[in-house]
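The values are calculated or read from the model by the stated rules, or taken from the named source; none is laboratory data. Everything numeric in this text was worked out from a predicted model, so none of it was measured. Cβ atoms come from the backbone with ideal geometry, glycine included; neighbour counts cover every protein chain shown. The protein model used for the area step is the full one, side chains on, heavy atoms only, and it has no ligands, DNA or RNA in it. Shrake-Rupley method; radii C 1.70, N 1.55, O 1.52, S 1.80 Å.
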Amino acid sequence: APRWLGDSAIVYSASNGREVPAAYEALLDGTVRKIGRRNGLDANVPLSNGGILYSQPDFTDPFHLRNDLYISRDGNDTQLTHGARLAQPDARRDGEIVAVQSIPGSTRIVRVSADGQHISPITVGSAEIQWGDPRWSPAGTSIVAIRVTRGGINEIAVLDTTGSVERVLVAERAILAAPAWSSSGDRVYYTSTRTGTTQAYVTSADHPGLRTRLSSSTTGLFSAEPSAIGDKLAALEFKFDGYHLGFTPVRFREMLRTSPIGASDSGCVECDITPPPPFPAAASEPLVRRRYSPWQSLAPKYWEPVVTLANGSGNVFGAATSGEDVIGRHSYYADAGFNTKYHEVEAFAAYQYAGLGQPFINLSAEQTFDHFGLVDSANTDVGTLARRARIYGLSTTLVRPRARTSGSLSLGGEIESRNFSTDPVTVLAQLPAIYSRTLNYPSVFAAASWSNVQRPALSISREDGISVSASGRRRWRSGEASSGSNSVVGVIAAYKSLDLPGFSHHALALRVAGAVADKNAISTFSAGGLSGGSLGIASGVSFGTERRTFGVRGFPPSAEQGTRALGGTFEYRAPLSAPSRRVPFIPVLFDRISVSAFGEAGRAWCPSDAPTAATVCGAFNRGGPWLASTGAEADFDTAIQYDVPARFRVGFAVPVVNRSVANAKAVSVYLTLGTSF
């Protein structure tokens, strides 16, 4: 929606893929300057006092997305209306605003005071009439707008300031759009699809039936906008690589020829107006109402592979699926994988019920395995201890989505059941008796997150923002009320885009995590291993059995254990190619390919004053030195079944600090699903 800013610049909205939607100012020599972020692509209207009026959508609560009016002035944005459902605004010299308001099943034109406090409808919207694109005349005494009437007839109508239709300038069974007054107010520019492609036209504002076609673009010309003086015409032309903004001098006063309203151009005989078809007769039988049933739309419609290839910890092969009913009341996610080294099945399932509005109700069940090397008093390996954990959870989640930020808060409880086994089996009898029992650990927790990161359409990474999350937990041993332990985990990630060559921005990404548990801790934090394979099930809630808070690529999972943990990752991410090609005979689309170089470090340890008898710090603590690695990977952003996004990561990691402590390989090659963070 280009608008002239004086006679030497044009302001417009764009979403070019490299940036989030924004407003830009273009000088006539092609110099472009970003002037502000936008949530949508509506018009930016220059005001006489130097501000810019625009409309954009945002959430008014977790379930309603509404368009409201804003004014940007001197880099500051002021919201004029709240939840008013207003779009396509235009302003008169005195600041009075005209806009389109959405109402149930229709639209209407309203006038809005300059401060946004008063909204007055001036037309009536109904099932038979829709309105759009209102524009004040230069004198401020008339309004031109699009009216779509019964039978699909599009009209360019001139209204007085009270909303009464004074005359119809054009009426066609075609898509009419973007009417704009000439500087003198005697003509109206607009676009029409009457020839099969969108072209620019001009018509007399006072004598319906006079019009001239101005363009003959093969692919379409949109939003013809005359300058304030009237000597230039700006427009958008659609080409193979997107929209192009340009202008042309108006060196003559267009010769308007007589043409009956609705008559076609030569070569478009199908464009003539015909009487609108009658509405179908009402059904003779009343509609049958039935109670809503989610089951048909809730059934799983796809599956995707879950594959983790990692040295030392076994390869995992499995599948994942998810589903949601048509109104979003029920949603679920499930995955399962088989570890080829230990012959174990890890699985996760989650269900969310949103029928209460807020809060959401979450149920989850998970089975995981951890493995620890066992040594005797001579520090000789004698076997492996396997810990199986089955975790069942119930929680409630409050979410606060916004167009530019998101936040969530979860409160809930879990019960974890643990069993131990050894390889060889005979070693289990030589361990303390606690490892021969089933241990149950109930807990309560609270978790919160907030993020303002950006994600342009063609991006390979989150950009230009931070995300913060924190969780706290209190856990007990079953039957021991005095055995409660507390733990806290915090994670912060920061992202910065770099405007370097490529189909998207390059990005710097930094992530830092920390965790602490008290001396009564029932479980440890672990450092080491490959992080990835996390999938989202619903807004503000994500799940995944392979997401590691303190992962260090190149080291075995749980290489270190302890009641304290620290970790950090730094990555440089660069775009490589955007093929957007399908794989023949396989329902996979390769969309974007990128590469990254990383450095990663982490450690888990117990403090020196931690008790060792009958605690988690007594059995597996290795002293907790720093583990660090570096490496690189190629990331493939794909669409499985053409509409389920997934990222495959292929890379290598080289341990550079304390490789011998964890018995890590000199170089590890991996393939996994999901982002590193």
With 362, 379 as the choices, which residue is of a type in the set (S, T, N, Q) and open to solvent by 70 Å² or more (accessible area, probe 1.4 Å)? 379
Which strands (runs of 3 or more DSSP E) does region 130-194 wholly contain that include 1 or more residues that are farther than 18 Å from residue 223 by Cα? 130-136, 142-148, 154-160, 165-172
Need a quick list: strands (runs of 3 or more DSSP E) entirely within region 554-664 having at least 2 residues that are touching a Phe, Trp or Tyr at 6+ places or on another chain (Cβ under 8 Å), open to solvent by 60 Å² or more (accessible area, probe 1.4 Å) and at pLDDT 90 or above. 564-577, 644-657
Is it the case, given these coordinates, that residue 27 is at pLDDT below 95 and over 26 Å from the mean Cα position of the chain (by Cα)? no
I'm checking my understanding of the structure. Among residues of region 180-201 that are touching a residue at least 24 places away in the same chain (Cβ under 8 Å) and among the charged types (D, E, K, R), which one is most open to solvent (accessible area, probe 1.4 Å)? 187
State all residues of region 202-250 that are part of a loop (DSSP other than H, G, I, E, B), surrounded by 18 or more Cβ atoms within 10 Å (Cβ to Cβ) and within 34 Å of the chain's Cα centre (by Cα); if no residue qualifies, say none. 220
Filtering region 4-54 down to residues that are in contact with a Pro (Cβ under 9 Å, 6 or more places away or on another chain), under 15 Å from residue 72 (Cα atoms) and charged (D, E, K, R), which residue is most open to solvent (accessible area, probe 1.4 Å)? 37
Has region 77-90 got at least one residue that is touching a Pro at 6+ places or on another chain (Cβ under 9 Å), over 14 Å from residue 114 (Cα atoms) and touching a residue at least 12 places away in the same chain (Cβ under 8 Å)? yes
Checklist (1) open to solvent by less than 50 Å² (accessible area, probe 1.4 Å); (2) touching a Gly at 6+ places or on another chain (Cβ under 6 Å) applied to residue 136, failing item: (2)
Quick count over region 111-129, residues being within 34 Å of the chain's Cα centre (by Cα), more than 25 Å from residue 46 (Cβ to Cβ) and at pLDDT 95 or above, is 0
Residue ID - surrounded by the most Cβ atoms within 10 Å (Cβ to Cβ), chosen from residues in region 282-331 that are over 19 Å from residue 639 (Cα atoms), of a type in the set (S, T, N, Q) and at pLDDT 90 or above: 331
Scan region 202-211 and give yes if some residue there is farther than 23 Å from residue 92 by Cα and among the acidic types (Asp, Glu), otherwise no. no
For region 420-444: of the residues being part of a strand (DSSP E or B) and open to solvent by less than 40 Å² (accessible area, probe 1.4 Å), which is nearest to residue 385 (Cα to Cα)? 422
I'd like to know if region 401-412 contains one or more residues that are over 30 Å from residue 66 (Cα atoms) and touching a residue at least 40 places away in the same chain (Cβ under 8 Å). yes
Selected residue (only one of 7, 42, 29 is in a loop (DSSP other than H, G, I, E, B) and over 23 Å from residue 238 (Cα atoms)): 7
Reported set for region 156-169 where residues are surrounded by 19 or more Cβ atoms within 10 Å (Cβ to Cβ) and farther than 17 Å from residue 226 by Cβ is 157, 159, 163
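Pick from region 382-414 the residues that are aliphatic (A, V, I, L, M) and open to solvent by 20 Å² or more (accessible area, probe 1.4 Å): which of them is modelled with the lowest pLDDT? Working first, answer last.
Taking region 382-414 first, the residues aliphatic (A, V, I, L, M) are 382, 385-386, 389, 391, 394, 398-399, 403, 409, 411.
Next, only the ones that are open to solvent by 20 Å² or more (accessible area, probe 1.4 Å) stay: 382, 391, 394, 398, 403, 409, 411.
Details: 382: 89, 391: 95, 394: 97, 398: 95, 403: 94, 409: 96, 411: 96.
Of everything passing the filter in region 382-414, 382 is modelled with the lowest pLDDT.
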Among the numbered criteria (1) more than 24 Å from residue 362 (Cβ to Cβ); (2) in contact with a Leu (Cβ under 9 Å, 6 or more places away or on another chain); (3) open to solvent by less than 50 Å² (accessible area, probe 1.4 Å), which one does residue 463 miss? (2)
Every residue from region 319-375 that is farther than 17 Å from residue 305 by Cα, part of a strand (DSSP E or B) and polar (S, T, N, Q): 331, 352, 362, 364, 367, 368
